[in-house]
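Data block below; observations after.
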Amino acid sequence: MKTDRPLAPVPPTAGRTLDAQLHLMDRQVLDHDGVPVTTVDDLELNGPELDTNIPPGAPAPVLTALLTGPVLGTRIFGGRPPSTRLIRIPWEDVADVGIVIRLGVSGENLDAGWVERWIRDKIIARIPGGRHDPR
């Protein structure tokens, strides 16, 4: 079906417009040295309520943080993990969004990798040869 009416112009937005599902969700997060930190499980938005009808001209929601945490069980059985179990990575720490999400900070200082650090320090380090890089 062809219409003679032109499409309404898209209003200009400040910053980059991202499709959350396409550009952010389930993407691997690397720190500034290229070391894997985690994957994106959810997003934290600030702005108008998304469950209501947003009136024309209202500001769009703004992404404030990437969320990661134990979500495997909720993906299998449904539901949502408690917000206290999710770890926040502030959007200000994100340096680039591409195939992977690159951070401008070190991953050692983030809470997102605490499980891996604990396993490295408490279990792997106790295995003979576990304190040095294999050659």
>> Show log10 I(q)/I(0) for the stretch 57-125 at q = 0.11, 0.17, 0.28 Å⁻¹, two decimals, from a solvent-free Debye sum over equal Cα scatterers.
In response: -0.39, -0.85, -1.18
> What dipole magnitude, in Debye to the nearest 20, does the stretch 56-135 give about its Cα centre under +1 on Lys/Arg Cβ and -1 on Asp/Glu Cβ?
Replying inline: 420
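Quick note: the coordinates plus some simple rules give every number you see, no bench work behind them. All values derive from a computational prediction rather than experimental measurement. Cβ: placed from backbone, ideal geometry, glycine included. Neighbour counts: every protein chain shown.
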